[in-house]
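Trainee: Below is a structure I'd like to ask you about.
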Amino acid sequence: MRFRVHSAMVSGLVITAMAVTAPLARAAEYPTRVIKLVVPYAAGGPTDVLARLVADYLGRDLKQTTIVENKPGAQGAIAAEAVARAEPDGYTLFVTAASIMVLNPLLYKKLSYDPQKDLRMLTVVTDLPVVMEVHPSVPAKTVKEFVAYAKANPGKLNFGSAGTGGTIHLAGEMFKQIAGVDMTHVPYKGAGPALTDLLSGNIQVMFDTLSTALPPVKAGLLRPLGVSSKERSPDLPDVPTVIESGYPDYQVGVWFGLAGSSKLPDDVVKTVMASMDRALNDNTFRASLEKIGFPVLRPKTVREINEFVDEDRARWSKVIKAQNISLD
């Protein structure tokens, strides 16, 4: 009888010890095989380039091969669903964007994924401002002058975008709402055609991402009126923010980060986040991204990441509801 009781006690202690040490063992072991970064866009684009730089750093830092897998289509939903449904073990991660985590759920009534339930942000790598730029034919050199001109010519100004529902489009809608001006949205199949029409004067204004706006602005082909960030851009130090220009509620960012399944174990999350924190503080990594037009953020805590995404969601929700924009 004593032997049975003793055996049961020993077995119980062993099971308890295994339960306690299992997470520690997993944290010590992860990663033991190839890590895959899923990218929601085609190879060769800016997001793909960013992903490959992240993969290179993670591979070296975690001493494990890290690859990129492109899954474009359905406004990023194909990639998002693949990551959300993958085994939550940390070997399938997601290089995601604001449009996928914030805008899609606000614009589509039916999605194959729910970013708030299915995915978990691990880090925000970069946050690009947009530049409010006009064709030289527009007689405005400041945001205030533009607003005055637009109010004197209601409905006569056209602003272009890469397509309905994208950040560039919604940045224009937000400006219309905050400044109280009447402009007509002209959607294009990509930022390139929109920029071409702006350069030719077929449209008058565009709220373009910094990296795309810089070449024509610096060449004197377009006039920058304001940037959408809280602070001035180092690339355009003489261009005031829209906030400085009298619109304190105007803030737009095109951000990218790393996410995973919402069911990822906490120890794996800590490992990945710690590695990305080291990346965001690494001068070589930062320089490699800034060289291709991505301003790199500093590490954020879990709470700061969630607040960042929640604030972005609240900001765009107001614009989308006010303008009754839907892509269904």
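The values are calculated or read from the model by the stated rules, or taken from the named source; none is laboratory data. A quick note: this is a predicted structure, and the numbers were derived from the prediction, not measured. Quick reminder, even Gly has a Cβ in these numbers, built from the backbone with ideal geometry, and neighbours come from all protein chains shown. For accessibility, only protein heavy atoms count, side chains too; no ligands or nucleic acids. Shrake-Rupley method; radii C 1.70, N 1.55, O 1.52, S 1.80 Å.
Trainee: If residue 173 passes every condition in (1) within 21 Å of residue 126 (Cα to Cα); (2) in a helix (DSSP H, G or I); (3) open to solvent by less than 30 Å² (accessible area, probe 1.4 Å) but one, which one does it miss?
Mentor: (1)
Trainee: Go over the candidates 68, 83, 130 one by one and state the one that is among the aliphatic types (A, V, I, L, M), in contact with a helix residue (DSSP H, G or I) (Cβ under 9 Å, 6 or more places away or on another chain) and under 20 Å from residue 181 (Cβ atoms).
Mentor: Exactly one of 68, 83, 130 is among the aliphatic types (A, V, I, L, M), in contact with a helix residue (DSSP H, G or I) (Cβ under 9 Å, 6 or more places away or on another chain) and under 20 Å from residue 181 (Cβ atoms), namely 130.
Trainee: Could you count how many residues in region 290-328 are of a type in the set (Gly, Ala, Ser), farther than 19 Å from residue 75 by Cα and part of a helix (DSSP H, G or I)?
Mentor: 2
Trainee: Scanning for something among the hydroxyl-bearing types (Ser, Thr, Tyr), out of contact with any Cys (no Cβ under 6 Å at 6 or more places or on another chain), under 22 Å from residue 242 (Cβ atoms) and in contact (Cβ under 8 Å) with a residue 12 or more places away in the chain, does region 272-281 turn up at least one residue?
Mentor: no
Trainee: Of 303, 286, 313, which residue is without any contact (Cβ under 8 Å) to a residue 40 or more places away in the chain, in contact with a Leu (Cβ under 8 Å, 6 or more places away or on another chain), farther than 30 Å from residue 137 by Cα and not aliphatic (A, V, I, L, M)?
Mentor: Every option except 286 fails the conditions.
Trainee: A further question follows. When only residues in region 279-296 that are surrounded by fewer than 17 Cβ atoms within 10 Å (Cβ to Cβ) and among the hydrophobic types (A, V, I, L, M, F, W, C) count, which is farthest from residue 60 (Cα to Cα)?
Mentor: Looking at residues that are surrounded by fewer than 17 Cβ atoms within 10 Å (Cβ to Cβ) and among the hydrophobic types (A, V, I, L, M, F, W, C), I get 292.
Quick grid of which residues meet (1) aliphatic (A, V, I, L, M); (2) more than 26 Å from residue 308 (Cβ to Cβ):
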site	(1), (2)
181	yes, yes
185	no, yes
192	no, yes
240	no, no
250	no, no
256	no, no
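Trainee: Within region 257-278, is even one residue out of contact with any helix residue (DSSP H, G or I) (no Cβ under 9 Å at 6 or more places or on another chain), open to solvent by 10 Å² or more (accessible area, probe 1.4 Å) and more than 21 Å from residue 37 (Cβ to Cβ)?
Mentor: No, there is no match, as no residue in region 257-278 is out of contact with any helix residue (DSSP H, G or I) (no Cβ under 9 Å at 6 or more places or on another chain), open to solvent by 10 Å² or more (accessible area, probe 1.4 Å) and more than 21 Å from residue 37 (Cβ to Cβ).
Trainee: Then there is this: Which of the residues spanning region 220-236 are loosely packed, with under 14 Cβ neighbours inside 10 Å and either within 21 Å of residue 316 (Cα to Cα) or at pLDDT 95 or above (or both)?
Mentor: Residues satisfying the conditions are 220, 230, 231.
Trainee: Identify, from the list 166, 180, the residue that is on the phi > 0 side of the Ramachandran plot and of a type in the set (Gly, Ala, Ser).
Mentor: Exactly one residue qualifies, and that residue is 180.
Trainee: Now, a different point. Using beta carbons and a limit of 6 Å, which pairs, at least six apart or on different chains, have the first residue in region 53-79 and closer than 30 Å to residue 107 by Cβ and the second one open to solvent by 40 Å² or more (accessible area, probe 1.4 Å) and not in a loop (DSSP other than H, G, I, E, B)?
Mentor: From residues that are closer than 30 Å to residue 107 by Cβ, the pairs are 68/52; 69/36; 71/78.
Trainee: I'm told residue 42 meets every condition in (1) in contact with a helix residue (DSSP H, G or I) (Cβ under 8 Å, 6 or more places away or on another chain); (2) at pLDDT 95 or above; (3) aliphatic (A, V, I, L, M) except one. Can you identify the failing condition by its number?
Mentor: Unmet condition: (2).
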